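Below is one structure, written out as structure tokens; the observations come after it.
The values are calculated or read from the model by the stated rules, or taken from the named source; none is laboratory data. Note that the structure is predicted; figures quoted are calculated from it, not measured. When we count neighbours, we look across all protein chains shown, and the Cβ atoms used for this are built from the backbone with ideal geometry, even at glycine. For accessibility, only protein heavy atoms count, side chains too; no ligands or nucleic acids. Shrake-Rupley method; radii C 1.70, N 1.55, O 1.52, S 1.80 Å.
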Amino acid sequence: CCLFLSPAPVHSYTPANTEPASRPPWVTDDSFSQKFAPGKTTTTVTKNILPRGAPVPSPASTSAYPSPVSASSQAPAIARGTIQRAERFPASSRTPLCGHCNSIIRGPFLVAMGRSWHPEEFNCAYCKTSLADMCFVEEQNSVYCERCYEQFFAPTCARCHTKIMGEVMHALRQTWHTSCFVCAACKKPFGNSLFHMEDGEPYCEKDYIALFSTKCHGCDFPVEAGDKFIEALGHTWHDTCFICAVCHVNLEGQPFYSKKDKPLCKKHAHAINV
């Protein structure tokens with residue numbers, strides 16, 4: 001008695017007209033680029049009225065770093081919002097010029113921001129509190145006590161809604177504490193790493209690929225934007241990965257057979273070891 005195996009049904013490859021739900025958002029959503037265009041903001045700006053006489057920040061104060069100080073300053077650039085403290089020096093044969101009144105200092109003096117100051121003239125630009133023995137923050141070439149800086153200049157974190165003193169993260173047209181701008185999945189801070197957006201939430205590269213990207217059934221690597229791909233046998237394949245499971249000949253645009261969810265060319269349609 002002889003047994004005859006009938007060949008598996010033949011399939012013809014035709015490009016899919018409908019994108020699967022698992023495709024990356026920039027493929028399935030025609031408006032994706034508009035949603036996250038650099039010039040488009042999704043935040044709400046609230047206008048607050050400053051108290052009378054309060055310092056008005058200039059447009060430059062919204063940048064990550066303060067405006068350059070005068071050429072006479074020898075201090076290195078310090079990130080905006082960094083809390084500093086003046087250093088006291090006793091009277092000596094050195095007679096520096098005061099950074100406030102530009103007069104010679106004969107007696108004890110302070111050194112801050114690369115300049116020297118009469119102790120009685122190193123004060124908060126708004127409340128006039130002496131900063132000789134207090135921490136201060138430089139803003140627009142003026143100095144402020146921590147309280148005044150926080151009230152008038154410090155940006156608000158988009159996550160915890162508290163004032164940011166020190167290093168600021170700028171992302172998605174908002175400001176964040178560096179420890180608050182984190183991946184929505186693993187909760188790790190991004191630092192200077194790239195991130196991806198999905199449903200309005202940021203994700204690190206690793207979690208975005210794991211959660212949202214479409215993987216090629218042949219190589220298990222993501223099918224990224226711009227890649228040529230094929231949809232066949234209920235899966236997505238890179239065009240170069242859709243090959244015969246036996247001889248590895250490329251089957252793009254060719255009739256193919258299937259066995260155990262694997263594509264086969266006509267020559268190997270009856271292959272046993274697949």
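Computed over region 172-274, relative contact order equals 13 percent, with contacts defined as Cα pairs under 8 Å that lie 6+ residues apart. Going by the alpha-carbon gyration tensor, a ≥ b ≥ c the square roots of its eigenvalues, is region 123-274 rounded (a/c under 1.5) or, if a/c is not under 1.5, prolate (a/b greater than b/c) versus oblate? Because a/c hits 1.5 or more and a/b exceeds b/c, region 123-274 counts as prolate.
Please list 185-194, 235-244 highest first by mean number of surrounding beta-carbon atoms within 10 Å per residue.
Details: 185-194: 11.4, 235-244: 19.9.
Highest-to-lowest ranking by the protection proxy: 235-244, 185-194.
Counting heavy atoms of the protein chains alone, HIS196 has an accessible area of about 50 Å² for a 1.4 Å probe. Rolling a 1.4 angstrom probe over region 149-247 with all protein chains present gives an accessible area of which 50% lies on carbon and sulfur atoms. Whole-Hz Karplus values for region 167-175 come out as 5, 10, 9, 9, 7, 6, 6, 9, 10 Hz, taken residue by residue from phi with 6.51 cos²θ - 1.76 cosθ + 1.60 and θ = phi - 60°; glycine and proline positions read x.
Sort GLU139, GLU167 by accessible area with a 1.4 Å probe, largest first.
Result, largest first: GLU167, GLU139.
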